[in-house]
C-alpha cells in the first residue's frame, strides 16, 4: 500500500510517462472524460495504480466547478433511527463516488447560523438534510431550495424541498388496525412532540383507523409522550389515571413504548393480558424488551439510500422534481406485547399471531 | 438569511469596499491572519457579515496547503457506542472550526482500497480512525503514521498510531470485582470476538480480579459470545451446559448481556436470584432491560472528543506523541441484575446496593 506517501508526488505527467500515452489522453482518462480506446484507458489506469496516483480533487473542482462532495446536515446522530438513515446515505454516496462533509446541528440547533455557511464555504454540490429540528426553519427551506440541490428526510416548512421519509400516516394506521383486529375498542395513544409533522401524521393514521372501525377517538385518549423512555413512562401513567378502561396503547415510537412497558410493570399490570402495547420505528432493541415489542418497522436505512440517490440525480442535472415527496412503505412486526382483548369474563386470552 | 445566494457573488473586494479598508488588510483579516487593529478588524467582519460573505476555503486551501478538514473513517456508525463517539468527535471538530469528511468502511471493510485514497485525494489535514475492523491492518497503520496526523479509537496493529480509548482492562476488573463482592465464586464470562484487543483487555481484567480474590479462573468458564444478542443467547446456554454451578456472568458488552438475560429467562432461571449478570458499555438501552442491567459505563462521547482534540493539536503542529495511548476511565453502574449469591441454605438474598 503506497497510496499514502505517493499521493503527494505522483502527477498526471508521471502517469503519462509510465503508460507511454500522451499527457492529453492520460489527463482525459484520469479526469473521467472523453472517448478513449479501451486498451489505452486500461494501460493508463494500470500505470496510475502502479504509481499510486491520487487525483487532486480540490484543484480539479476549481476548474470543473464541482467538488463531488455532498453536505450532510444532521441532528443527533447517536439517535438509532437517524444513524441507520445516515449509514444508508453514506453507502449510496460512496457507491457513486461522492464524498460526504458531515456537520451536526447538535446541541445548539443553529442550522442557519452555522451548518449552512459551513457547507457553502466548502462548495458542496448538494445538501442532504437529516435534522428533524429543521422542520420549522422556513427561511432555511426557502434559501436552500434556490441555491443548491437539496433533499431532506424531514419536511421543511414552506414546502419546495424534496423529501424522502416513511409513510407515517400508514404507520399509525397499521399499528392501530392491528389493535382493533385484536378486539380492542378503547385504544390510547402516546404521541411524539406535539406540532411536529411526524407526530401529526402518525396521529392522523391512528384516528383514520379508529374512524374506519367506527370506534371512539376522543382527545383525552391521546397523551404527549415526547422523545424518550421517561416521557413514555409519565404519559402512560397520565393516560391511565384519566382513562383506566383503556386496554391497548399505540406508542408513536419505540422509546415511548419501552417507557409504557416499564410503567405498566411498575403499576402491577401485565402486558399483554391487562394492556396491549404497540410501538413504532422497529429499532433492533425493541426485539429484546420484556415482553418483546410489537411494532411498525420504518425503513431508516432505505430512506437514507433513496434520499441520497434522488439528491445525486439532481446534482447530475436530472429532473429536480422540486418539492416532491417520496414516502417509503412501513410494515407491522407482531411480537408478544399485543394480544386479544380479554372479555369481562376473561375468556378471550389467546395471544396475537406472531411474525419473525 | 441571505448566505445561500450571496455566497456565490460576494468577494473580498466587495467587503473591502463596504468597510472602507484596503483590499490587503481586508484579505488579511478574512483569512484569519496578521496583526490588524481591533476596531478595523471589527469593521471588516461587520461588513463581511452584512454582505453575507463566505470564504472560499477550497481556493484558500490550495494556497495555504491546509483544508481545515479532518477525514473520519468509521465502521458501522449505526452501532450505538460508535455513533456516540462520532458525535463527540464531530462536536469538537466543529467547536474548533474544522469540517469533517466522512467515510465508512461498511459493509466492504476495505480501508486500504477505498477509505484512505478517498481521504487523501481530498487533502484532509488529518485522519480520525473509528473502525474496529482496522485493528489488524498493519500496512495501514504503517502508512498512516508517516503521511498525516492520525488518531485512532482502536489500536492499530504494528503500533505507532496514537490511540484514545477506554480503559478496557479496568472495565473487566471493575465488573468482576463487583460480582466477587456479592459473594460469587464461580463467575463465567461471555467474551466478544476472540483475538480482538478489546476482548483480550476485558478478559485480562476479569482474570486479574479473580486472581486477586484467589478464585478459580478456568478456561472453561469463558465462552465466546461475539457481537450481538443472539451470540449472547447461544454462549450463555453453552456455558451453563458445561458449568451448571455458575452463579454469575460477566458479559463483555451489553448486547451479550441482553442475550444472557433472554436465555436465562427462557431456561426458567431468575435474574439475579439464580444468576447475576453484569454487562459492559453502559448503553442507554441497558437501563430498560428486565431486570435493569448492572453494567460498566464506557465514556464513548468523551473518547470522541478527546481523540479529536488530540488530533487537532497534532494538525496544528503540536507535539505528536506518536504511538501514545490514552485510556479514559470507566465506572460501574449498579442496577438490579446483580445480587448477593444465594447460599445453599438460601439465606443471603439481599439485593446489591443500587446507584442512580
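Conditions (1) modelled with pLDDT under 90; (2) part of a strand (DSSP E or B); (3) in contact with a helix residue (DSSP H, G or I) (Cβ under 7 Å, 6 or more places away or on another chain), marked per residue:
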position	(1), (2), (3)
B:77	yes, no, yes
B:90	no, no, no
B:97	yes, no, no
B:103	yes, yes, yes
B:107	yes, no, no
B:114	yes, no, no
B:117	yes, no, yes
B:122	yes, no, yes
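Against the list (1) more than 9 Å from chain A (Cβ to nearest Cβ); (2) at pLDDT below 85, the condition residue B:67 fails is (1). Does any residue of segment B:224-246 turn out to be assigned by TED's automatic domain parsing to the domain that holds residue B:293 and closer than 30 Å to residue B:314 by Cα? Within segment B:224-246 (the criterion being assigned by TED's automatic domain parsing to the domain that holds residue B:293 and closer than 30 Å to residue B:314 by Cα), the answer is no, since none of the residues qualifies. Evaluate the following for residue A:296: is it more than 14 Å from chain B (Cβ to nearest Cβ), touching a helix residue (DSSP H, G or I) at 6+ places or on another chain (Cβ under 6 Å), within 16 Å of residue A:229 (Cα to Cα) and in contact (Cβ under 8 Å) with a residue 24 or more places away in the chain? Judged against the criteria, residue A:296 is not a match. Among the residues making up segment A:203-241, those that are at pLDDT below 95 and assigned to a helix (DSSP H, G or I) are A:219, A:220, A:229, A:230. Go through segment B:171-199 and give me each residue that's part of a helix (DSSP H, G or I) and either under 16 Å from the mean Cα position of the chain (by Cα) or at pLDDT below 95 (or both). Matches in segment B:171-199: B:171, B:197, B:198, B:199. Taken as a whole, segment B:31-40 holds at least one residue that is at pLDDT 75 or above and either surrounded by 13 or more Cβ atoms within 10 Å (Cβ to Cβ) or under 24 Å from residue A:103 (Cα atoms) (or both).
Every residue, every condition in (1) within 14 Å of chain B (Cβ to nearest Cβ); (2) at pLDDT below 95; (3) part of a strand (DSSP E or B); (4) surrounded by 15 or more Cβ atoms within 10 Å (Cβ to Cβ), yes or no:
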site	(1), (2), (3), (4)
A:265	yes, yes, no, no
A:272	no, no, no, yes
A:286	yes, yes, no, yes
A:292	yes, yes, no, yes
A:321	no, yes, no, no
A:326	no, yes, yes, yes
A:345	no, yes, no, no
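Being part of a helix (DSSP H, G or I) and modelled with pLDDT of 90 or more is a property that residue B:84 has.
If you take the residues in segment A:244-263 that are over 22 Å from the mean Cα position of the chain (by Cα) and away from every other protein chain (no Cβ under 12 Å), which one is surrounded by the most Cβ atoms within 10 Å (Cβ to Cβ)?
Step one: filter segment A:244-263 for residues over 22 Å from the mean Cα position of the chain (by Cα), giving A:244-249, A:259-263.
Within this subset, residues satisfying the condition of being away from every other protein chain (no Cβ under 12 Å) are A:244-249.
Details: A:244: 8, A:245: 8, A:246: 19, A:247: 19, A:248: 26, A:249: 33.
Looking at the filtered set, the residue picked out is A:249.
The values are calculated or read from the model by the stated rules, or taken from the named source; none is laboratory data. Nothing here was measured: the structure is a model prediction, and the numbers come from that model. Don't worry about glycine lacking a Cβ; one is built from the backbone with ideal geometry, like all the others, and counts go over all protein chains shown.
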